[in-house]
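**Student:** Quick one: this structure, given as structure tokens, is what I'll be asking you about.
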Amino acid sequence: MTEATDLAAAAGAGDPAVGLRAVAALRRLMESLESAQVRNARARGWAWQQIADSLGVSRQAVHKKHGKEIG
Amino acid sequence: MFDRPDAVMKRAIHGSVIAARLEGAAEVGEEHLALALFADPASGVRRFADLDAETLRDAFARARRRGGISDVDAAALRDLGIDVDEIVSATEAGLGAGALGHRRPKRNPGFSQAAKRVLMRSMREVGKDRGDGARCMLLGLLHPGGFAAGVFESLGVRYDEVAGHA
């Protein structure tokens, strides 16, 4: 962990490699967060429509993305 | 001219499917390919990256629990002011331990998109005459931007170094 931290620090905040890696990582993290939250909402009895409204997307979109995995 | 996977690659691909099945994983992921490659003592992959399977397994498990964020990813996000571990603990406090790494198990998991990409890149390395299958497969896993690449980089293994290795 410390080795990785040093690496990033040494690269500096202006380094595109670090900045782009952060964006790619953030996208991955967001996908995991989304599926965890959707799973929780379904477990608490939320309808797909309610979940879609909260995420600001269509019901079809959210169902297509998570329906198979979560049900 | 068609490039074909050699025996080491075939064993790793086969091993990854078995590993994912035993684990009850949702998909055959990059980590299953990586672990199968390193768990095979005859693969010779440790000539290029001297990691034991246990170390690799722990690093993947940690990254998986953080929702696919390796140590180097976490460091890059910290530069942006984002503390991934805090996000993970807050999420787990509300949704339960392992909430970000959870996937519904499948009896017959297929290859994930990311794992397919790794295999495609490995085959491209075979086409570039990068040496034996172990190295080509490792290079496929190390291709920048991927989940596995971040985990390997956190353990000090990078694409450029393995590609330049004589």
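The values are calculated or read from the model by the stated rules, or taken from the named source; none is laboratory data. It should be emphasised that the depicted structure is a prediction, and the values quoted were computed from it without experimental measurement. Every residue, glycine among them, receives a Cβ derived from its backbone with ideal geometry; neighbour counts consider all protein chains shown.
**Student:** Which numbered condition trips up B:I18, out of (1) free of Cβ contacts under 8 Å to residues at least 24 places away in the same chain; (2) under 27 Å from A:G14 (Cα atoms); (3) among the β-branched types (V, I, T)?
**Tutor:** (2)
**Student:** With the structure loaded, tell me whether B:A134 is of a type in the set (G, A, S) and touching a residue at least 60 places away in the same chain (Cβ under 8 Å) or whether it fails that test.
**Tutor:** yes
**Student:** What is the one condition in (1) of a type outside the set (V, I, T); (2) under 19 Å from the mean Cα position of the chain (by Cα); (3) farther than 23 Å from B:L138 by Cα that B:A90 does not satisfy?
**Tutor:** (2)
**Student:** Let me ask another. Would you be able to tell me the number of residues in the range B:28-63 that are out of contact with any helix residue (DSSP H, G or I) (no Cβ under 7 Å at 6 or more places or on another chain) and of a type in the set (D, E, K, R)? Show your work before the answer.
**Tutor:** First pass over the range B:28-63, keeping only residues out of contact with any helix residue (DSSP H, G or I) (no Cβ under 7 Å at 6 or more places or on another chain): B:41-42, B:46-47, B:50, B:52, B:54-55, B:58, B:61-62.
Filter once more, keeping what is of a type in the set (D, E, K, R): B:46-47, B:50, B:52, B:54, B:58, B:62.
Residues in the range B:28-63 being out of contact with any helix residue (DSSP H, G or I) (no Cβ under 7 Å at 6 or more places or on another chain) and of a type in the set (D, E, K, R): 7 in total.
**Student:** Quick one: B:P144 ticks every box in (1) loosely packed, with under 15 Cβ neighbours inside 10 Å; (2) away from chain A (no Cβ under 14 Å); (3) free of Cβ contacts under 8 Å to residues at least 60 places away in the same chain except a single one, so which number is it?
**Tutor:** The one condition B:P144 does not meet is (2).
**Student:** Then there's this: Spot the failing condition for B:G156; the list is (1) within 20 Å of the chain's Cα centre (by Cα); (2) within 10 Å of chain A (Cβ to nearest Cβ); (3) at pLDDT 90 or above; (4) on the phi < 0 side of the Ramachandran plot, and only one is missed.
**Tutor:** If we test B:G156 against (1) within 20 Å of the chain's Cα centre (by Cα); (2) within 10 Å of chain A (Cβ to nearest Cβ); (3) at pLDDT 90 or above; (4) on the phi < 0 side of the Ramachandran plot, just (4) comes out false.
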